[in-house]
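The values are calculated or read from the model by the stated rules, or taken from the named source; none is laboratory data. The structure displayed is predicted, hence computed values, not measured ones. Note that each Cβ is placed from the backbone with ideal geometry, even for glycine, and that neighbours are counted across all protein chains shown. Areas reflect the complete protein model, heavy atoms only, side chains present, ligands, DNA and RNA absent. Shrake-Rupley method; radii C 1.70, N 1.55, O 1.52, S 1.80 Å.
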Amino acid sequence: MPKLKIDGVEIEVEDGLTVLQACEQAGVEIPRFCYHERLSVAGNCRMCLVEVAPGPPKPQASCALPAGEGMEVTTNSPMVEKARTGVMEFLLINHPLDCPICDQGGECDLQDQAMGYGHSGSRYTEEKRAVSEKYMGPLINTIMTRCIHCTRCVRFSTEVGGVTDMGMVNRGENAEITTLEKAVSSELSGNVIDLCPVGALTSKPYSFVARPWELKKVETIDVLDAVGSNIRIDVRGNEVMRVLPRLNEDVNEEWISDKSRFSCDGLRRQRLDKPYVRNAAGKLEPASWDEAFAAISAKITGVSGDRIAAIAGDQCDAESMFALKGLMDALGSPHLDCRQDGAALDSSVRAGYLFNTGIAQAEDADVCLIIGSNPRWEAPLVNTRLRKGWLAGRMKIGVVGPQYDLTYSYDHLGAGAAILQEIADGTHPFAAALKAAERPMLMIGMGALSRDDGAACLAAARKIADDCGLVRDGWNGFNVLHTAAARVGGLDIGFTPGTGGRDVAGILNGATSGDIDVVYLLGADEIDAQALDKAFVIYQGHHGDAGAHAADVILPGAAYTEKNGSYVNLEGRVQLGRRGAFPPGDAREDWTILRALSAVLGKTLPYDDLPALRKQLHAACPHFTKIDSVEPSPWGAFGTPGALSSTPLGSSIENFYMTDPISRASETMAACTREFVLNAEGATGTDG
């Protein structure tokens, strides 16, 4: 560990750090534009100049200079201050003076550093350079005259996003960042907006909509996939204006997917803001809460519990599912399920439905087997971890299922589930790679688990984990890649069929045959709603999606930005979502609706506020008290061995940009679908 002096203070740093990183550890601020701790070093902007002795008698770029034994670094000498001032003056030579109309005004690194390190005026009198705007797709707005060529966007799209759409053309004063008029085809492209330090790349949907000082900022959790990305929602009035990532090294680092970032406009469209009851003519008409509850009570009263069922959707918070489970238990119904897609997951063994390796630890694996999944679409932030391990040269990847562009190379082992049996038996060559690995892992997706032979696929994956040594001291390489934010929480609280109960398929079949009279849909929209035609359907949710169209009574609930709730991500991490806005109109938080309905039905739930509800939830599931932590789950028996179908495995997602009621209501996601999915199908003749 080298020792060096920074501004006269001696510190000891880890070997391999740069002078800039050493200065940060010493608490000394070094200005920079091109340097970013998660990207490769470029050394473009020269803003991080420091004076180093021994060395040449000139300032040196600290971002590209390794810290060495005996160095004496000066960050505030007259030479350094003059050099930084000169660099800032050069950077501002061609920069337009349009701060008042720039969307990055108030959050601009260039503005801040010009105030701290720049001249009070400019000596430049020649004509400024102008650069034409570039098309980068429906998400990124460009004002390229502002660009200072830091290349953060190029490095991010190539190194993290795994696409080569962005680059620099020409040289000298003619150099420009461009995509050659092509949309940036990464599911993480919006992160370049956060990375851009000068306002050259801004959010196209958010352009000229709001200013940062107008917004109320609330920290919460994203529920549009199962990763549980930490986000900040910015709200003006009662409207969510934008979504930004929060730093969490164990989950999403500082990135979020484009769907998480840009689909917030769907929160304003197709909302349910009042109760509805279907009249004798078969038409839904507005009603009061009392009228809606009375209609439900009239239908349920006298109905046997075994003729009532409940299905929870993919974005439900744990509190609302716990309340609905309590109501169903009080009514005597064993028919409840949170697995809309019919995934063959056993709630009795927690390790059997978790991403046991952990999101952050996934990049440390040296062999990875992906089964029936497209992680680039199903969990983009997990895919970045796999790409990071692959880029480091330590990960060998095999895929069973369709061939997708996952942004890294892999061995395609085949499309059929029979390959799993070969690996489990040890007759496939990839089994030897798993056995020889120090940190092997597999990821089985909903494309394998939601099939008719899903239980057999799960059993085969478990046999691979046992026979190939994926589970050992301090390492569990068995992982289920969920796509629904509510799934792990629902399995944790036991929102699955009780003794003699029906799963989702059984509930739909029962509704069709007349064995199920009443079905309660808690935000459940990813089912075959037409199968419920003969049943009395109660839909509680926030968007007028498939479930609402099939409903006889609609109870308007709150979206994830409009309520306080607990969510459990795919690795079993309990996180708290916080309310940033209020539900529109007469809509209410979900657990309060269920509590009020239970009183009308004469089955009053034993809590009157959220703390009391959470107290009971914590008593039933003690791990819900351990916020933002992950503990290993004991390994056990799960899965049902059986014959594997010859049907090729597939992914559970056909369109990354529209997977839930919010993103389906989003105009921005519709534009992305046209650009990246429909255009790709037309160009390639594939499923995109």
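Select the strands (runs of 3 or more DSSP E) contained entirely in segment 449-554, then report the ones holding at least 1 residues which are over 29 Å from VAL303 (Cα atoms).
Those strands (runs of 3 or more DSSP E) span 478-481.
Can you tell me which residue among MET168, MET136 is hydrophobic (A, V, I, L, M, F, W, C) and open to solvent by 50 Å² or more (accessible area, probe 1.4 Å)?
MET168
Considering only residues that are of a type in the set (D, E, K, R) and either surrounded by 24 or more Cβ atoms within 10 Å (Cβ to Cβ) or within 15 Å of ASN374 (Cβ to Cβ) (or both), which ones fall in segment 466-488?
Selection gives ARG487 alone.
Give just the number: which of (1) farther than 24 Å from PHE293 by Cα; (2) in a helix (DSSP H, G or I); (3) of a type outside the set (Gly, Ala, Ser) does GLN575 not satisfy?
If we test GLN575 against (1) farther than 24 Å from PHE293 by Cα; (2) in a helix (DSSP H, G or I); (3) of a type outside the set (Gly, Ala, Ser), just (2) comes out false.
Look through LYS463, LYS435 and report the one residue that is open to solvent by 30 Å² or more (accessible area, probe 1.4 Å), over 28 Å from TRP377 (Cα atoms) and not β-branched (Val, Ile, Thr).
Checking each option against the conditions leaves just LYS435.
Specify which of the listed residues (ALA280, ALA226, ALA295) is in contact (Cβ under 8 Å) with a residue 24 or more places away in the chain, of a type in the set (A, V, I, L, M) and farther than 27 Å from PHE656 by Cβ.
Matching residue, one of ALA280, ALA226, ALA295: ALA295.
Quick one: would you say GLU214 is of a type in the set (D, E, K, R) and under 19 Å from the mean Cα position of the chain (by Cα)?
no
Just checking, which of ALA61, ALA42, ALA26, ALA114 is under 40 Å from the mean Cα position of the chain (by Cα), of a type in the set (Gly, Ala, Ser) and open to solvent by less than 20 Å² (accessible area, probe 1.4 Å)?
Only one candidate passes the filter, namely ALA61.
Given (1) out of contact with any Gly (no Cβ under 9 Å at 6 or more places or on another chain); (2) in a loop (DSSP other than H, G, I, E, B); (3) surrounded by 23 or more Cβ atoms within 10 Å (Cβ to Cβ), identify the lone condition not met by ILE627.
(3)
Do we find a residue being out of contact with any Ser or Thr (no Cβ under 7 Å at 6 or more places or on another chain), part of a loop (DSSP other than H, G, I, E, B) and open to solvent by 50 Å² or more (accessible area, probe 1.4 Å) anywhere in segment 222-230?
No, every residue in segment 222-230 fails to be out of contact with any Ser or Thr (no Cβ under 7 Å at 6 or more places or on another chain), part of a loop (DSSP other than H, G, I, E, B) and open to solvent by 50 Å² or more (accessible area, probe 1.4 Å).
For ALA292, are the conditions met, namely being open to solvent by less than 20 Å² (accessible area, probe 1.4 Å), more than 24 Å from GLY544 (Cβ to Cβ) and not aromatic (Phe, Trp, Tyr)?
So ALA292 fails the test.
Please go through segment 307-361 and pick out each residue that is aromatic (Phe, Trp, Tyr), more than 27 Å from ILE371 (Cβ to Cβ) and open to solvent by less than 30 Å² (accessible area, probe 1.4 Å).
none
Show the residue pairs meeting these rules: Cβ distance below 7 Å; 6+ apart or different chains; first residue within segment 589-601 and farther than 19 Å from ARG579 by Cβ; second residue open to solvent by less than 10 Å² (accessible area, probe 1.4 Å) and assigned to a helix (DSSP H, G or I).
So the pair list comes out as LEU597/ILE296; SER598/LEU327.
Anything in segment 167-183 that is out of contact with any helix residue (DSSP H, G or I) (no Cβ under 7 Å at 6 or more places or on another chain) and either at pLDDT 95 or above or on the phi < 0 side of the Ramachandran plot (or both)? List them, or say none.
The answer is VAL169, ARG171, GLU173, ASN174, ALA175, THR178, THR179, LYS182.
So GLY494 fits all but one of (1) in contact (Cβ under 8 Å) with a residue 24 or more places away in the chain; (2) more than 30 Å from SER566 (Cβ to Cβ); (3) of a type outside the set (A, V, I, L, M); (4) open to solvent by 10 Å² or more (accessible area, probe 1.4 Å); what number is the exception?
Answer for GLY494: the failing condition is (2).
Here are THR604, THR625, THR668: which of them is under 19 Å from the mean Cα position of the chain (by Cα) and among the β-branched types (Val, Ile, Thr)?
Going through THR604, THR625, THR668 in turn, just one is under 19 Å from the mean Cα position of the chain (by Cα) and among the β-branched types (Val, Ile, Thr): THR668.
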